[in-house]
Amino acid sequence: MPPKFMFTKEQLIEASLNIIRRGGPQSLTARSLAAELGCSVKPIFGLFKNMEEVRLETIKAADRIYRGYIGAASHAEEKPYKAMGMAYIRFATEEKELFKLLFMRDRSAENINDDSGKDVTEAIVKLISKTTGLNEKTAYMLHLETWLYVHGIATMIATNYLEWDGEFVSNALTDCYTGLLHRFKTKALDVIS
């Protein structure tokens with residue numbers, strides 16, 4: 001008869017998320033997870049092969065939380081693209097350590113050529129193209145440059161470098177988007193004429 005586990009994988013991952021929320025990604029260890037659960041490390045390794053597997057599953061769980069923020073914003077009736085940028089920054093504000101885990105970790109050993117997130121990017125580019133009249137290639141460049149700006153703000157907030165209120169952030173995103181849109185539309189006119 002297989003051993004009966006004290007905890008489910010989901011409970012272990014939820015405990016991992018809580019550890020990271022309190023102490024950052026580096027605080028997740030077998031010992032800290034066992035202490036969080038009030039047990040030895042044995043139940044952890046009965047459900048997972050090693051801590052790397054726990055870490056990868058925790059990253060997936062954090063990504064689901066992040067996608068919840070973005071998904072809710074993408075259904076905004078007014079300015080859904082801006083709402084998604086604001087949601088990204090809100091995630092960095094409300095879930096600083098999970099933001100760092102997802103977007104500020106060393107990814108040099110990861111396969112960055114996978115298609116994760118490609119579906120979201122394609123949907124965003126189509127939205128921009130539809131609302132601005134830009135072709136998809138230009139809409140992609142507009143998104144890429146806007147995202148650099150949004151990510152910069154989110155990173156400064158997540159690292160406590162700056163503390164900006166929502167109104168200031170909203171105005172800054174509008175200024176960035178409006179300026180870039182003007183530039184890309186002007187470029188398109190220059191090519192035509």
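The values are calculated or read from the model by the stated rules, or taken from the named source; none is laboratory data. None of these values were measured; they are calculated from a predicted model. No Cβ is skipped: glycine too gets one built from the backbone with ideal geometry, and neighbour counts run over all protein chains shown.
Computed values, structure above
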read-out: Unmet requirement for residue 163, which otherwise passes all of (1) acidic (Asp, Glu); (2) farther than 24 Å from residue 56 by Cα; (3) under 17 Å from the mean Cα position of the chain (by Cα); value: (3)
read-out: When residues of the stretch 119-137 are limited to those that are among the β-branched types (Val, Ile, Thr) and free of Cβ contacts under 8 Å to residues at least 40 places away in the same chain, the one farthest from residue 178 (Cα to Cα); value: 121
read-out: Test: residue 13 is surrounded by 12 or more Cβ atoms within 10 Å (Cβ to Cβ) and in contact with an Asp or Glu (Cβ under 8 Å, 6 or more places away or on another chain); value: yes
read-out: Given (1) surrounded by 16 or more Cβ atoms within 10 Å (Cβ to Cβ); (2) not in a loop (DSSP other than H, G, I, E, B), number of the condition residue 134 does not satisfy; value: (2)
read-out: Number of the exception - residue 35 against (1) surrounded by fewer than 16 Cβ atoms within 10 Å (Cβ to Cβ); (2) in contact with a helix residue (DSSP H, G or I) (Cβ under 6 Å, 6 or more places away or on another chain); (3) small (Gly, Ala, Ser); value: (2)
read-out: Selected residue (only one of 162, 173 is outside any helix (DSSP H, G or I) and touching a helix residue (DSSP H, G or I) at 6+ places or on another chain (Cβ under 6 Å)); value: 162
read-out: Close pairs (6 angstrom Cβ cut-off, 6 or more residues apart or separate chains): in contact (Cβ under 8 Å) with a residue 40 or more places away in the chain and surrounded by 11 or more Cβ atoms within 10 Å (Cβ to Cβ) in the stretch 148-173, among the aromatic types (Phe, Trp, Tyr) and assigned to a helix (DSSP H, G or I) anywhere; value: 150/88; 154/88; 158/99
read-out: Matching option when the condition is touching a Leu at 6+ places or on another chain (Cβ under 6 Å) and not aromatic (Phe, Trp, Tyr), among 25, 43; value: 25
read-out: Exclusive hit being more than 22 Å from residue 21 (Cα to Cα) and aliphatic (A, V, I, L, M), set 61, 87, 139, 154; value: 139
read-out: Tally, over the stretch 32-59, of residues that are touching a residue at least 12 places away in the same chain (Cβ under 8 Å) and part of a helix (DSSP H, G or I); value: 15
read-out: Tally, over the stretch 5-33, of residues that are touching a Gly at 6+ places or on another chain (Cβ under 8 Å) and modelled with pLDDT of 95 or more; value: 1
read-out: Residues located in the stretch 64-81, provided they are modelled with pLDDT under 95 and among the charged types (D, E, K, R); value: 67, 77, 78, 79
read-out: Residue count, the stretch 121-131 (criterion: surrounded by fewer than 16 Cβ atoms within 10 Å (Cβ to Cβ) and under 29 Å from residue 104 (Cβ atoms)); value: 4
